[in-house]
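Structure provided below as structure tokens; questions to follow.
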Amino acid sequence: MKWKFWSKEADAGVTRLPKPRDLPQPVGQHLVTKMKEDPDTVWSYKAVVMPREGAKSVFFLRVFNPAAADARGVRVADYNSLETAPDLILFQGWYDKESGKVELSRPSAAPKAA
């Protein structure tokens, strides 16, 4: 019988990905200044991130419109949940939290943001 029910041994090897959050500042600035996106719509987008293995400050990133996800009934819980609806991904790439370097591109299946 397991007496230490409060310890989480079952989840010891599993890493959880962060929930969707507002765009990181360098990512939003990159979208507005370099990719010439509309600032009013860019700052309404959300991002899901996944840490890059071997680098503490580098994250893979997917940008999506939460209103479009809600309209389609898609629940975005983390980075991997957008794999079921790739057309919701507006931009994807990576960013470095320490240096502020951002690399983003539009996925080939994503529609152009209005």
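Within the stretch 80-95, does at least one residue satisfy the condition of being modelled with pLDDT of 90 or more, closer than 14 Å to PHE59 by Cα, touching a Leu at 6+ places or on another chain (Cβ under 8 Å) and not in a strand (DSSP E or B)?
Looking for residues that are modelled with pLDDT of 90 or more, closer than 14 Å to PHE59 by Cα, touching a Leu at 6+ places or on another chain (Cβ under 8 Å) and not in a strand (DSSP E or B), one finds at least one in the stretch 80-95, hence yes.
Turning to a different aspect of this structure: Here are the criteria: (1) surrounded by 15 or more Cβ atoms within 10 Å (Cβ to Cβ); (2) without any contact (Cβ under 8 Å) to a residue 24 or more places away in the chain; (3) among the small types (Gly, Ala, Ser). Tell me which single one SER105 does not satisfy.
So the condition that SER105 fails would be (1).
Could you list all residues from the stretch 61-95 that are farther than 21 Å from TRP43 by Cβ and not β-branched (Val, Ile, Thr)?
Passing the criteria: ARG72, GLY73, ARG75, ALA77, ASP78, ASN80, SER81, GLU83, ALA85, PRO86, ASP87.
Can you pull out the residues in the stretch 12-56 that are closer than 22 Å to LEU82 by Cα, assigned to a loop (DSSP other than H, G, I, E, B) and not hydrophobic (A, V, I, L, M, F, W, C)?
Those that are closer than 22 Å to LEU82 by Cα, assigned to a loop (DSSP other than H, G, I, E, B) and not hydrophobic (A, V, I, L, M, F, W, C): THR15, ARG16, PRO18, LYS19, PRO20, PRO24, GLU37, SER44, TYR45, ARG52, GLU53.
Sort out which residues of the stretch 44-56 are surrounded by 13 or more Cβ atoms within 10 Å (Cβ to Cβ) and over 17 Å from ILE89 (Cβ atoms), and write them in order of number.
Within the stretch 44-56, PRO51, ARG52 qualify.
Does the stretch 57-77 include one or more residues that are at pLDDT below 95, in a loop (DSSP other than H, G, I, E, B) and within 21 Å of GLY100 (Cβ to Cβ)?
Yes, the stretch 57-77 has at least one match.
If you take the residues in the stretch 70-102 that are of a type in the set (Asp, Glu) and within 16 Å of LEU17 (Cα to Cα), which one is surrounded by the fewest Cβ atoms within 10 Å (Cβ to Cβ)?
Just the residues of the stretch 70-102 that are of a type in the set (Asp, Glu), to begin with: 70, 78, 83, 87, 96, 98.
Among the residues that remain, those that are also within 16 Å of LEU17 (Cα to Cα) are: 78, 83.
On the way: ASP78: 15, GLU83: 9.
Filtering first and then ranking leaves GLU83.
The values are calculated or read from the model by the stated rules, or taken from the named source; none is laboratory data. Bear in mind that the values here come from a model prediction, so they are computed numbers and not experimental data. As a convention, Cβ positions derive from the backbone with ideal geometry for all residues, glycine included, and neighbour counts pool all protein chains shown.
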